[in-house]
1. For every helix of n ≥ 4 consecutive DSSP H residues, a contribution of -39,500 (n - 2.57) applies; sum these over the chain, divide by its total residues, and give [θ] at 222 nm rounded to the nearest 500 deg cm²/dmol.
2. For the range 59-169, give the magnitude of the charge dipole about the Cα centre (Cβ charges: +1 Lys/Arg, -1 Asp/Glu; no others), in debye to the nearest 20.
3. Go ahead and run the numbers for FRET between Asp14 and Arg165, Cβ-Cβ distance against an R0 of 45 Å, rounding to 0.05.
4. Where nothing but the Cβ of Lys and Arg (+1) and of Asp and Glu (-1) is charged, how large is the charge dipole of the range 163-219 around its Cα centre, in debye to the nearest 20?
5. Can you tell me how much longer the chain between Ser105 and Ser173 gets when fully stretched, taken as 0.36 nm per residue apart minus their C-alpha distance, in nm with one decimal?
6. Among Ala70, Leu145, Tyr60, which residue has its Cα positioned farthest towards the positive end of the charge dipole of the range 1-159, with +1 placed on the Cβ of Lys and Arg, -1 on the Cβ of Asp and Glu, and the dipole taken about the Cα centre?
7. Could you calculate the contour length gain from Leu209 to Asn53, that is, 0.36 nm times the residue separation minus the distance between their Cα atoms, to one decimal place in nm?
8. Take Arg31, project a point 7 Å from its Cα along the Cβ direction, then tell me which residues of the range 38-73 have their backbone nitrogen under 13 Å from it.
Amino acid sequence: MRDAQGVPSPSHHDPGFRVRIRTLDDLEGIRDLMLRVYPPPLHGPGAIWGERNLLRHLAYFPAGQFVGEAVDGTIIGTATSMRCRIEDALAPHTWSDFTARGSLSTHVPGGEAMYGVNIAVDPAWQGQGLGRALYEARLALARQLGCKAFIAGARIPGYAAVAHRMSPEAYLSEVAAGRMKDPTVSKQMAVGFEVKGLLRDYAPDPETLGHAALIALWL
Ligand SMILES: CC(C)(COP(=O)(O)OP(=O)(O)OC[C@H]1O[C@@H](n2cnc3c(N)ncnc32)[C@H](O)[C@@H]1OP(=O)(O)O)[C@@H](O)C(=O)NCCC(=O)NCCS
């Protein structure tokens, strides 16, 4: 398909982006992306990946780090993963302890679970299939490595708006049953994840009041 100027434009078969492995050249693009996904002052500097941790991810587990790139080269998505023991990921934990404050020094090379440390899509690109494409890349890698499960703590950004009238457990069970929609967890359920329970005080976040859903997909 071409527009009036003869420039190729996205067609049904061309989503306008691709998913690929992260490289050292992507670090600034990822930082800019994170500022669009978690804008200050609502979100603090802790929500934005620092260069030191991004470099550590590439040192500990380079194959597990993906980006989504628009046709013009802009970084519009990122997904960070590590491996771990299944039983550890299914037990109550915080994001900071589990990932060693985002450094991934807790990555277990032979771990039977792939753990979703972070996934983010540019707000202007959300709802267009990039999140699913990033999950599919991670799931394909997990299968290739012989992992048995993909497990993550998933933000519940719809919770703060209803926190005055329900507990996070009640909110999550409504979302899991499909009676309420959460901007993040409902999408992860559409991708195939099941909700296993609530992780209280998982990570500081004004939209989730710190809570997350424990989600899992068996491979
Ligand atoms: C969560 C996130 C990564 C998803 O990315 P995305 O590009 O918007 O996701 P997609 O467009 O691929 O949608 C994924 C699935 O959810 C479905 N979906 C979209 N909106 C939905 C909604 N409101 N309710 C239920 N399902 C929905 C899509 O149809 C798609 O399923 P399909 O492929 O079967 O059609 C993205 O919204 C994001 O970055 N959010 C902010 C940061 C965040 O919360 N990250 C998660 C950390 S745990």
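Read-outs: derived from the displayed coordinates by stated rules, not from any lab. Being a predicted model, the structure only gives us computed values, none of them experimental. When we count neighbours, we look across all protein chains shown, and the Cβ atoms used for this are built from the backbone with ideal geometry, even at glycine.
1. Mean residue ellipticity, 222 nm, calculated: -8000 deg cm²/dmol.
2. So the dipole magnitude of the range 59-169 works out to roughly 160 debye.
3. Computed FRET efficiency for Asp14 and Arg165 comes out at 0.55.
4. Result for the range 163-219 is approximately 160 debye, rounded to the nearest 20.
5. This chain segment gains 21.2 nm when fully extended.
6. Leu145
7. Net length gain for the segment: 53.7 nm.
8. What the label zone holds, given the 13 Å backbone N cut-off, is 48-55.
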